[in-house]
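**Q** The structure's right below; bear with me while I get my questions together.
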Amino acid sequence: MAAIENFDNIYLDLSKEGGKCRFAESGLGWKPTTGGEPFTLQGSDISGAQWSRAAKGYEIKILLRNSNIVQLDGFQQEDFERLTKLFKNWYSATLENKEHSLRGWNWGKAEFGKAELTFNVQNRPAFEIPYSEISNTNLAGRNEIAVEFGKGKKASAGKDQMVEMRFYIPGTTTRKEAEGGDA
Amino acid sequence: DQNGVEIKKFKRFESYKRDNQFPPKVRDMGIVVDQKNATVVLPVMGRPVPFHINTIKNASKSDEGEWSFLRINFLSPGQGVGRKDDQPFEDASAHFVRSLTFRSTDGDRYTEIANQISNLKRESVKKEQEKKDMED
């Protein structure tokens, strides 16, 4: 295995611009193609990683020890093996293949994790919402919860900015639950 | 059923089987109406998320200052449209995404998308009805 592994046209946290992603034993770095401040991450900060299909290509979602999440999108399907080895050997982390639901259903189960809300359809995630993107939540009606998004980086990354999502949660739903207060 | 009452059955549907079936346009992280697969792909935190036209109730566009809003309403229990809970659900005890609202400064695009979704919905309802008529 090389001492450094490079990948081009990678997007960091839904950045508008692609960049170069470089992995080494000590950690990883990302730099926009047109220059600018590089982003770096210590290998010791990584607690886990997931591989799944995203917008630009395949995405590595890195879970950090401080509960933050870093997303790198734009990998090719055939990069998976190389990256799995690299995460295992250098960061002692398993790159977990996380297939998302493609069924197109709007029903499932909203689950509250450490850093994000995951909407699962038949035990597969359909989408995730980082808590850091949520600006407000309220009970909009009986069994209806409205989640509002501010000018968060990820909610407004594309040309269509997501401003609100409403959920129907049957039965007794407390506000605490809606805000992930029990997590 | 045995009592001669028509019970509406839930019919399963699926947008995609494999992730290479997404339209290439999902790269741009915008809303994509995929007519071929009767699906609307919505960008949720950058991820393309398919919603089959059967889950969609309607889509509407509104304007507020420089912004245009596109709201997509999904079918979910307890909406009381027409006859109460007329729509069959596979699992009424599940959690449902009830609506999603996006904003953009390109209002013409939202008018176009809202029309495309309405047309797709109309076609899909028509097809369902034709199928039903054939069965009767």
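Computed from the coordinates by the stated procedures, all read-outs in this text should not be read as laboratory data. In this text the structure is predicted, and so the values were computed from the model without any measurement. Neighbour counts run over all protein chains shown; Cβ positions are idealised from the backbone, glycine included.
**Q** Compute the length gained on full extension between B:SER62 and B:LYS36: take 0.36 nm times their separation in residues and subtract their Cα-Cα distance, giving the result in nm to one decimal.
**A** 6.7 nm
**Q** On to the next question. Tell me which aspartates and glutamates have Cα within less than 14 Å of A:LYS85's Cα, excluding those fewer than 8 residues away on the same chain?
**A** Within the straight-line limit of under 14 Å, A:LYS85 reaches these aspartates and glutamates: A:GLU5, A:GLU25, A:GLU96.
**Q** Expressed as an acute angle from 0 to 90° and rounded to the nearest 10, what is the orientation of the C-alpha long axis of helix A:80-91 relative to the principal long axis of chain A?
**A** 80 degrees
**Q** Can you figure out the FRET efficiency of A:SER92 with A:SER67, using R₀ = 25 Å and their beta-carbon distance, to the nearest 0.05?
**A** 0.85
**Q** Given an 8 Å cut-off on Cα distances and at least 6 residues of separation, report the relative contact order of chain B as a percent.
**A** RCO, chain B: 21 percent.
**Q** Here's a follow-up. According to the Kirkwood expression over distinct Cα-Cα pairs, how big is the hydrodynamic radius of chain B, in Å?
**A** Roughly 16.6 Å, rounded to one decimal.
**Q** Using θ = phi - 60° and the Karplus form 6.51 cos²θ - 1.76 cosθ + 1.60, what ³J(HN,Hα) does each residue of region B:101-114 get, whole Hz, x for Gly and Pro?
**A** 10, 10, 9, 7, 8, 9, x, 4, 5, 5, 4, 4, 5, 4
**Q** Ok, one more. Restricting to region A:51-116, what percent of DSSP beta bridges are antiparallel, rounded to 5?
**A** Around 90 percent antiparallel, to the nearest 5.
**Q** In debye, nearest 20: dipole of chain A around its Cα centre with unit charges on the Cβ of K, R (+) and D, E (-)?
**A** The dipole magnitude comes to about 140 debye.
**Q** Tell me the trypsin sites (Lys or Arg not before Pro) within region B:52-136 that lie in a loop according to DSSP and have at most 16 other beta-carbon atoms within 10 Å.
**A** B:ARG83, B:LYS84
**Q** Working from the pairwise distances between different alpha carbons, so that the mean of 1/r is found and then inverted, what is region B:25-69's Kirkwood radius in Å?
**A** Kirkwood hydrodynamic radius for region B:25-69: 11.7 Å.
**Q** With N set to the residue count of the protein assembly as shown, report its C-alpha Rg divided by 2.2 N^0.38 Å to two decimal places.
**A** My calculation over the Cα atoms of the protein assembly as shown gives 1.07.
**Q** In Å and from the alpha-carbon atoms only, list the Rg and Dmax of chain A.
**A** Every Cα atom of chain A included, Rg and Dmax give 17.6, 57 Å.
**Q** Take the cross-link list A:LYS56/B:LYS17; A:LYS16/B:LYS25; A:LYS151/B:LYS57; B:LYS11/B:LYS57 and give me the ones stretching past 21 Å between alpha-carbons.
**A** A:LYS151/B:LYS57
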